[in-house]
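What follows is a single structure, written as structure tokens, with notes after it.
The values are calculated or read from the model by the stated rules, or taken from the named source; none is laboratory data. Since the structure is predicted, the reported quantities are computational estimates derived from the model, not experimental observations. Counting neighbours? That spans all protein chains shown, and the Cβs are built from the backbone with ideal geometry, glycine included.
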Amino acid sequence: MCTSAPKPNVWDEYLTPDGGVSRIDAKANRGAKMRVNDDERATSEPTDGASLARAAEDVCTRSFSGTPTTQPELCLDWACGPDVSGRWDDPKRLKIFAYISKFIHRETLRGGPRKAILHARKKDSDEIGAVCVVHLLHGNAQPYGSTLSVVWNMVCRHGLPPFGDVAGCQKRFEAADKLTNAMHKRHGSKSGLRHVYVAMMAVDPSAQGQKLCSKLMRTVSKVADAKGLPCYLECSGEKNREVYRRFGYEVAERCSVKDPGGGPGFDEYYAMVRKSTKSV
């Protein structure tokens with residue numbers, strides 16, 4: 001029986017040892033048992049790659065959840081709801097952010113050679129300090145497939161989401177997800193164009209100010225320009241909007257997410273696009 005060689009990851013040719021940016025290999029996901037809750041652990045010692053994958057998930061969880069001195073991901077914080085907003089160490093809050101991070105990371109690692117988790121290490125350390133999840137998408141393809149496939153993957157591969165532990169959380173997340181997909185179709189997948197989608201950009205609170213975001217975003221721009229592709233992302237809040245403007249992104253649309261439960265909505269959600277500097 002013959003087997004074809006795996007396709008090389010399209011990001012690897014642009015990553016150099018002295019560039020400070022590396023990719024977590026999809027093989028890291030093999031043999032590591034999926035944890036469906038915080039009490040379940042791998043049945044054997046994880047590989048180095050699996051350890052890196054776990055560490056990257058933890059960085060995104062801490063970054064997006066926020067701390068008393070660092071801003072959370074504002075739209076996700078809104079979706080969590082007032083019951084856990086600002087309660088940085090609340091187990092319910094942390095489980096929600098950990099689940100989101102796990103889902104995005106694991107599905108990216110399963111997604112083939114056009115998707116990647118890039119990371120940069122902290123200054124003078126071997127620890128991961130920042131993570132960028134990127135997808136090279138064709139046309140109108142969505143990052144994780146149809147809504148039905150997303151739900152199936154979440155439940156079957158990663159367990160039931162912990163959203164039900166917080167009042168109104170699941171409906172707010174569904175509203176935010178629906179708007180996110182609509183924004184992506186309008187601007188990221190506009191006219192069926194190939195594009196680079198920055199699905200997640202996170203800096204560990206302990207690594208703030210080390211310019212790790214800059215390292216990762218410039219790497220993404222280098223790959224996109226080499227291929228003559230635009231980049232697309234969503235972000236929350238004026239602070240993040242201005243950060244991405246420094247890397248050539250411009251606001252394509254500002255949107256508001258309505259609370260299905262009748263509470264306050266979230267109105268600082270941005271779709272941003274960066275045009276390629278090179279035509280191919």
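For this structure, a couple of remarks:
- Members of region 231-280 found to be closer than 20 Å to residue 169 by Cβ, among the aromatic types (Phe, Trp, Tyr) and within 17 Å of the chain's Cα centre (by Cα), listed by number: 269
- Residue 84 fulfils the conditions (1) of a type in the set (Val, Ile, Thr); (2) within 21 Å of residue 168 (Cα to Cα); (3) at pLDDT below 90 except for a single criterion, (3).
- Residue check: residue 225 meets all listed conditions (1) of a type outside the set (S, T, N, Q); (2) touching a helix residue (DSSP H, G or I) at 6+ places or on another chain (Cβ under 6 Å); (3) within 19 Å of residue 11 (Cβ to Cβ) but one, namely (2).
- Selection from region 73-101 of residues that are under 16 Å from residue 177 (Cβ atoms) and assigned to a helix (DSSP H, G or I): 74, 75, 76, 77, 78, 79, 80, 96, 97, 99, 100, 101
- Residue count for region 253-268 under the criterion of being basic (Lys, Arg) and closer than 14 Å to residue 237 by Cβ: the result is 1.
- Looking only at region 80-110, residues that are farther than 30 Å from residue 167 by Cα and surrounded by fewer than 18 Cβ atoms within 10 Å (Cβ to Cβ) come to 1 in all.
- Qualifying residue in region 47-61 (condition: part of a loop (DSSP other than H, G, I, E, B), at pLDDT below 80 and more than 30 Å from residue 226 (Cβ to Cβ)): yes
- If you go through region 161-172 and keep only what is surrounded by fewer than 20 Cβ atoms within 10 Å (Cβ to Cβ) and either in contact (Cβ under 8 Å) with a residue 60 or more places away in the chain or under 14 Å from residue 256 (Cα atoms) (or both), you end up with 161, 165, 167, 168, 171.
- Members of region 217-268 that are part of a strand (DSSP E or B) and among the hydrophobic types (A, V, I, L, M, F, W, C): 231, 233, 235, 251, 252, 255, 257, 266
- Inside region 241-258, residues that are in contact with a strand residue (DSSP E or B) (Cβ under 8 Å, 6 or more places away or on another chain) and in contact (Cβ under 8 Å) with a residue 60 or more places away in the chain make up a count of 4.
- Only one entry of 182, 175 meets the criterion of being aliphatic (A, V, I, L, M) and surrounded by 15 or more Cβ atoms within 10 Å (Cβ to Cβ), and that entry is 175.
- Given (1) small (Gly, Ala, Ser); (2) buried (at least 21 other Cβ atoms within 10 Å of the Cβ); (3) within 22 Å of residue 23 (Cβ to Cβ), number of the condition residue 226 does not satisfy: (2)
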